[in-house]
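A short write-up of the structure that comes next.
The values are calculated or read from the model by the stated rules, or taken from the named source; none is laboratory data. All values reported here derive from a predicted model rather than from experimental measurement. FYI the Cβ positions are ideal-geometry reconstructions off the backbone, even for glycines, and counts take in every protein chain you see. Surface areas here come from the heavy atoms of the whole protein model, side chains and all, with no ligands, DNA or RNA. Shrake-Rupley method; radii C 1.70, N 1.55, O 1.52, S 1.80 Å.
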Amino acid sequence: MEEKVYEVPADWAKRAYVDDTKYRAMYEASVRDPEAFWGEHGKRIHWFHPYHRVKNTSFAQGKVSIRWFEDGTTNVAYNCIDRHLPARAKQTAIIWEGDDPAESRHVTYQELHDEVCRFANVLRNRGVGKGDTVTIYMPMIPETAFAMLACARLGAIHSVVFGGFSPDSLASRIADCRSKVVITADEGLRGGRKVPLKANTDAALERLGNTVEHVVVVRRTGGAVNMEPGRDVWYHEAAKMVTSECPAVEMNAEDPLFILYTSGSTGQPKGVLHTTGGYLVYAAMTHQYVFDYHDGDIYWCTADVGWVTGHSYIVYGPLANGATTLMFEGIPTYPSISRFWDVVDKHKVNVFYTAPTAIRSLMQAGEEPVTRTSRASLRLLGTVGEPINPEAWEWYHRVVGEGRCPIVDTWWQTETGGILITPLPGATRLKPGSATRPFFGVKPEIVDAEGKVLEGPAEGNLVIADSWPGQMRTVYGDHKRFMDTYFSTYPDKYFTGDGCRRDADGYYWITGRVDDVINVSGHRMGTAEVESALVAHPKVSEAAVVGYPHDIKGQGIYAYVTLMAGEQPSEDLRKELVAWVRKEIGPIASPDLIQFAPGLPKTRSGKIMRRILRKIAEDEFGNLGDTSTLADPAVVDDLIHNRQNKR
Ligand code: 6R9
């Protein structure tokens, strides 16, 4: 099959910060002498006290330690706001587009300053200071960004929990980082439907006893909520009592900025910890170069701020660059399936960054909902979160971008803080489905199962050989888990958990996770989390969860469930289990298919052979590989016979 290649459009070659020659020179310099390269680019943010030491990092076994700009001091909120005021006080920082198309709001940099200071003062009055953790459980409204930046201003560490998570998931995240303060809203609003955020918070706090001292509640819908006297306060009332001035606390480059919980192949979600200086430099620099952000551009990332994409590419990267960033409360299909493109036209969006799953679902409705809109303002398109299939890429390029907008397919992770592998729109010839080449300072390698580094065109597992400033520093409260998870599979290298192919042009093609993490609609989930939710149901004795290819979601959740003795499989029980998992974790974890299985394939030592379950879920049971170590080979026939229909 002939590979399709898209050349850099002529206007892009002219406009962009870097062309191919410059990319190669800068990349070469960045990996030859990282100290010099980052020593220079670290200056893109304002430092209260400049750094002298640039890079002090080690991936060595048992001694992993990552420090960037370690003797510099700065403040993230100062960089995202105050620094811009002389030139940009009246420029829009945040365009907010409500769930209801009749609602939108422009927040200027001056207003951002005032709102963030007020929020910081409300928090400070409740005892929040440097090093304290604050949990934020909010809808997509500007106050969420104000709250994050208010924490950064005070030196407090925020932990944003996605508003779609259940009370139990929220409770375990509050408990893990011991937040004494929680910020939430009365209700969220998505696609015309209300999300009971305050009620969920109440339920979460009930499970925790009295560990949370203050709940700050932002009014969004005006829906009725219960306010606990002494503990809960309305933000709009508290904000009246404070001024719009609040000094930005001087922070060391390596002081924590935020924790974000993410799923791995084992156990509970880990608190990924990002720090101040390196994170901001990296988020800002990637935002500028990958999206080729110039003054005046209107930039829109459709992610939720509950995920890392929202942190780095709605809030921190764009605001550090003095950009105009659009924040969207709603969903792509409400009130109509043209919503994304209507918003593009309404706000004259130039750069649009979304997930492949959204593109695939919009593709199903055909071209007309897209072509009936103008989209003339669009210049660049981006994707993130999962591999994009070439068909979806082509549709995005041809229909949405009318063939004139390059697509940046950006590969990265919660752990990496910012984009690591990506095209640059003025420099990189595009191949649909490939994230193409590494960003400056990033050294990807492909290794085989034994850890041997493969050269040239090769396929294997993706590792990164050296540190970059945006890298996570530790798992909050558990450095050993950090080292074990990321630096022990391939000693002295950061293991991404992704499989990858490199072609003859040195382009990288991410093939998906090689561990027990699945990616459902761009949401990352550990199969172990879904399993433990299932086995917590009184009728379930055992469960094994795997991913299977799903046309829209990328991967669907396939659960094999063994019931307690005496329990009978039924459609009702199937529905009950799906509802149970939604309640335990949240709607994003709902199993798509449940197969009742009298037995699971196990080795003689009792380990579930997931490889076999995965193949059956993928309908590839003709080729199950070696089954000779199974304790009872007969279970496999039953599993194949009763497999669930995907259509
Ligand atoms: C930013 C984000 C990380 C996992 C990652 C990989 C998958 C992300 C991708 C991609 C192929 C891309 N992934 N971007 N796969 N191409 N452009 O998504 O972070 O939620 O931590 O997920 O997502 O499998 O390992 P996170």
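Can Pro387 be described as in a loop (DSSP other than H, G, I, E, B), within 20 Å of Glu3 (Cα to Cα), in contact with a Leu (Cβ under 9 Å, 6 or more places away or on another chain) and within 12 Å of the ligand (Cβ to nearest atom)? In short, no. You will find that of Ile552, Ile616, Ile557, the residue that is in contact with a Lys or Arg (Cβ under 9 Å, 6 or more places away or on another chain), among the hydrophobic types (A, V, I, L, M, F, W, C) and not in a helix (DSSP H, G or I) is Ile552 and no other.
Within segment 165-180, residues that are surrounded by fewer than 23 Cβ atoms within 10 Å (Cβ to Cβ) have Cβ atoms under 9 Å from residues that are in a helix (DSSP H, G or I) and β-branched (Val, Ile, Thr) in these pairs: Pro167/Thr201, counting only partners at least 6 apart in sequence or on another chain.
The residue pairs whose first member lies in segment 326-344 and is over 15 Å from Ile314 (Cβ atoms), whose second member is part of a helix (DSSP H, G or I), and whose beta carbons are closer than 6 Å, counting only pairs six or more residues apart or on different chains, are Pro332/Arg339; Pro332/Phe340; Pro332/Ala358; Ile337/Pro369; Ser338/Pro369; Trp341/Val370.
Within segment 457-474, the set of residues being away from the ligand (no atom under 11 Å from the Cβ) and open to solvent by less than 10 Å² (accessible area, probe 1.4 Å) comprises Val463, Ile464, Ser467, Trp468, Pro469, Gly470, Gln471. Checked against the criteria, Gly277 does not count as in contact (Cβ under 8 Å) with a residue 40 or more places away in the chain and surrounded by fewer than 24 Cβ atoms within 10 Å (Cβ to Cβ). Considering only residues in segment 119-134 that are open to solvent by less than 70 Å² (accessible area, probe 1.4 Å) and either of a type in the set (Asp, Glu) or touching a Cys at 6+ places or on another chain (Cβ under 8 Å) (or both), the one that is farthest from Ile157 (Cα to Cα) turns out to be Asn121.
Name the residues in segment 315-348 that are within 28 Å of Ala152 (Cα to Cα) and either aliphatic (A, V, I, L, M) or at pLDDT below 95 (or both), would you? Within segment 315-348, Val315, Leu319, Ala320, Ala323, Leu326, Met327 qualify. Within the option set Gln595, Gln644, being farther than 19 Å from Asn519 by Cβ and not in a loop (DSSP other than H, G, I, E, B) holds for one residue only, Gln595. Looking across segment 73-118 at every residue that is among the basic types (Lys, Arg) and closer than 23 Å to Ala238 by Cα, the one that is surrounded by the most Cβ atoms within 10 Å (Cβ to Cβ) is identified as Arg118.
The one condition from (1) in contact with a helix residue (DSSP H, G or I) (Cβ under 6 Å, 6 or more places away or on another chain); (2) closer than 30 Å to Tyr261 by Cα that Ala435 does not meet is (1).
Scanning segment 27-82 for residues that are polar (S, T, N, Q) and over 21 Å from Ala465 (Cβ atoms) turns up Thr73, Thr74, Asn75, Asn79. Within segment 317-334, is even one residue within 19 Å of the chain's Cα centre (by Cα) and surrounded by fewer than 18 Cβ atoms within 10 Å (Cβ to Cβ)? Yes, because at least one residue in segment 317-334 is within 19 Å of the chain's Cα centre (by Cα) and surrounded by fewer than 18 Cβ atoms within 10 Å (Cβ to Cβ). Applying the criterion of being modelled with pLDDT under 95 and of a type in the set (Gly, Ala, Ser) to the residues of segment 482-524, the residue that is farthest from Pro444 (Cα to Cα) is Ser521. The residues on offer are Glu237, Glu254, Glu228, and the sole one that is of a type in the set (Asp, Glu), away from the ligand (no atom under 16 Å from the Cβ), over 30 Å from Gly72 (Cβ atoms) and part of a loop (DSSP other than H, G, I, E, B) is Glu228.
Has segment 63-72 got any residue that is open to solvent by 70 Å² or more (accessible area, probe 1.4 Å) and in contact with a strand residue (DSSP E or B) (Cβ under 8 Å, 6 or more places away or on another chain)? Yes, some residue in segment 63-72 is open to solvent by 70 Å² or more (accessible area, probe 1.4 Å) and in contact with a strand residue (DSSP E or B) (Cβ under 8 Å, 6 or more places away or on another chain). Of the candidates Arg610, Arg582, Arg604, Arg614, the single residue that is farther than 26 Å from Asp551 by Cβ and either free of Cβ contacts under 8 Å to residues at least 60 places away in the same chain or surrounded by 13 or more Cβ atoms within 10 Å (Cβ to Cβ) (or both) is Arg604. Once segment 283-292 is narrowed to residues that are surrounded by 24 or more Cβ atoms within 10 Å (Cβ to Cβ) and not aliphatic (A, V, I, L, M), the residue that is farthest from Arg524 (Cα to Cα) is Phe291.
Within segment 567-575, identify whether any single residue is outside any loop (DSSP other than H, G, I, E, B), more than 14 Å from the ligand (Cβ to nearest atom), basic (Lys, Arg) and in contact (Cβ under 8 Å) with a residue 24 or more places away in the chain, and answer yes or no. No, because not a single residue in segment 567-575 is outside any loop (DSSP other than H, G, I, E, B), more than 14 Å from the ligand (Cβ to nearest atom), basic (Lys, Arg) and in contact (Cβ under 8 Å) with a residue 24 or more places away in the chain.
Being in contact with a strand residue (DSSP E or B) (Cβ under 9 Å, 6 or more places away or on another chain), within 18 Å of Val349 (Cα to Cα) and modelled with pLDDT of 95 or more is a description that applies to Asp297.
Considering the conditions (1) more than 16 Å from the ligand (Cβ to nearest atom); (2) over 28 Å from Leu260 (Cα atoms); (3) assigned to a helix (DSSP H, G or I); (4) small (Gly, Ala, Ser), Ala392 is excluded by exactly one of them, (1).
Here Lys575 clears all of (1) open to solvent by 50 Å² or more (accessible area, probe 1.4 Å); (2) under 25 Å from Pro332 (Cβ atoms) except the condition numbered (2). Scanning segment 422-453 for residues that are over 22 Å from Trp395 (Cα atoms), part of a strand (DSSP E or B) and in contact (Cβ under 8 Å) with a residue 12 or more places away in the chain yields Pro438, Pro444, Glu445, Ile446, Val447.
Being modelled with pLDDT of 95 or more, within 22 Å of Pro256 (Cα to Cα), of a type in the set (A, V, I, L, M, F, W, C) and assigned to a loop (DSSP other than H, G, I, E, B) is a description that applies to Phe162.
The lone criterion from (1) within 16 Å of the ligand (Cβ to nearest atom); (2) of a type outside the set (Lys, Arg); (3) open to solvent by less than 20 Å² (accessible area, probe 1.4 Å) left unmet by Gly401 is number (1).
Whenever a residue of segment 506-518 is open to solvent by 30 Å² or more (accessible area, probe 1.4 Å), its partners that are more than 8 Å from the ligand (Cβ to nearest atom) and in a loop (DSSP other than H, G, I, E, B), lying with C-beta atoms within less than 6 angstrom and at least six residues away or across chains, give the pairs Trp509/Ser434; Asp515/Ser265; Asp516/Ser265.
One line per residue, one yes/no per condition, for (1) touching a Phe, Trp or Tyr at 6+ places or on another chain (Cβ under 8 Å); (2) away from the ligand (no atom under 13 Å from the Cβ); (3) without any contact (Cβ under 8 Å) to a residue 60 or more places away in the chain:
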| position | (1), (2), (3) |
| --- | --- |
| Thr373 | yes, yes, yes |
| Ala376 | no, yes, yes |
| Leu380 | yes, yes, no |
| Gly418 | yes, no, no |
| Glu455 | no, yes, yes |
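Per the conditions (1) more than 16 Å from the ligand (Cβ to nearest atom); (2) in a strand (DSSP E or B), the sole criterion not satisfied by Gly497 is (1).
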